[in-house]
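Below is one structure, written out as structure tokens; the observations come after it.
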Amino acid sequence: MLKLGVNIDHVATVREARYRGRGQGEPDPVQAARLCEAAGAHGITAHLREDRRHIQDRDVWKLREVVRTRLNLEMANAPEIVDIALRLQPNIVCLVPERRQEVTTEGGLAAAGHMPALTATRQRMNDAGIEVSLFIAPDAVQVEAAARIGSQFIELHTGAFAERFGQPAERDRELERLVAAARQARGLGLQVNAGHGLNYQNLPLLHQVPHLVELNIGHSIISRAVTVGLGAAVQEMLKLMEGYAG
Ligand code: PXP
């Protein structure tokens, strides 16, 4: 069964828009995580950014206490955040690139260009019992690098596919890249997740990509929650994911 990890960062984005620096406020990403799990989500994802623009340190500690499924900590390979992750003990970390000016994570990791540093962090996480995923573009060089780094998972960046959704020829090219990368990764013994930009319109096409274990979806679900409620938004997404053939 294809699993759904809900990214709750944007619940914190709304809170920080009003309560930044106040140590409390609404809406609460921890309460949101509880509602997602109650609605059937298989995991909760939060990105503790170096600039703390949405999720705060207190959020990840509280999430570690209350998440009953799997906690996936998205993070840059930065010493401060690596130390927090090792103490926090999420079930899995997903290493992502971070740039200060970006609105959200934009590109995939340049895994091939940062093999020694990524391998060292991968090893430290695994030694602490934490699985590792690398967020990469559907690119053969990056998939190969992820396997050599020894990560357990990759998360294929679906942003280019999502952005080209309205242009069928380009969209299909992006889908083919995702299909090829998933096959290659599986052949190399990697488990394959996917995420970024997935929504209620483009999700059905993603069924064409084989070997997927989990999708990480944030913005579309949190946005839909404004009109139908978070539980219903999660359930609608789970419904679209049903019947995935693998
Ligand atoms: N996966 C990764 C690695 C991400 O950085 C993000 C965005 O924070 C997501 C998934 C979720 O993307 P979206 O909010 O567009 O669903």
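In table form, for the structure just shown:
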| quantity | calculated |
| --- | --- |
| Considering residues of the range 4-32 that are in a helix (DSSP H, G or I) and in contact with a helix residue (DSSP H, G or I) (Cβ under 6 Å, 6 or more places away or on another chain) only, the residue nearest to residue 239 (Cα to Cα) | 32 |
| Hits in the range 139-161 - residues which are surrounded by fewer than 23 Cβ atoms within 10 Å (Cβ to Cβ) and either in contact with a Ser or Thr (Cβ under 7 Å, 6 or more places away or on another chain) or not β-branched (Val, Ile, Thr) (or both) | 139, 140, 144, 147, 148, 150, 152, 153, 159, 160 |
| Selection status of residue 35, more than 16 Å from the ligand (Cβ to nearest atom), out of contact with any Pro (no Cβ under 8 Å at 6 or more places or on another chain) and not hydroxyl-bearing (Ser, Thr, Tyr) | yes |
| Extreme residue, nearest to residue 221 (Cα to Cα), among residues of the range 16-32 that are charged (D, E, K, R) and away from the ligand (no atom under 16 Å from the Cβ) | 28 |
| Matching residues in the range 113-136 - criterion: being farther than 23 Å from residue 91 by Cα and buried (at least 19 other Cβ atoms within 10 Å of the Cβ) | none |
| Number of positions in the range 184-221 that are away from the ligand (no atom under 15 Å from the Cβ) and among the hydroxyl-bearing types (Ser, Thr, Tyr) | 0 |
| The range 163-196 - residue that is surrounded by fewer than 19 Cβ atoms within 10 Å (Cβ to Cβ) and among the small types (Gly, Ala, Ser) and, of those, farthest from residue 92 (Cα to Cα) | 169 |
| In the range 38-72, residue nearest to residue 94 (Cα to Cα) [restricted to those that are among the β-branched types (Val, Ile, Thr) and within 16 Å of the ligand (Cβ to nearest atom)] | 45 |
| Selection status of residue 99, closer than 19 Å to residue 155 by Cα and surrounded by fewer than 16 Cβ atoms within 10 Å (Cβ to Cβ) | yes |
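The rows are residues; the columns are (1) of a type in the set (A, V, I, L, M); (2) crowded, with 24+ Cβ neighbours inside 10 Å; (3) in contact (Cβ under 8 Å) with a residue 60 or more places away in the chain.
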{"site": "11", "(1), (2), (3)": "yes, yes, yes"}
{"site": "17", "(1), (2), (3)": "yes, no, no"}
{"site": "25", "(1), (2), (3)": "no, no, no"}
{"site": "36", "(1), (2), (3)": "no, yes, yes"}
{"site": "56", "(1), (2), (3)": "no, no, no"}
{"site": "59", "(1), (2), (3)": "no, no, no"}
{"site": "65", "(1), (2), (3)": "no, no, no"}
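None of the figures in this text is laboratory data; all of them are computed from the coordinates on show. Keep in mind that this is a model prediction, so the values were computed, not measured. Positions of Cβ are generated from backbone atoms using ideal geometry, with glycine treated the same way; all protein chains shown enter the neighbour counts.
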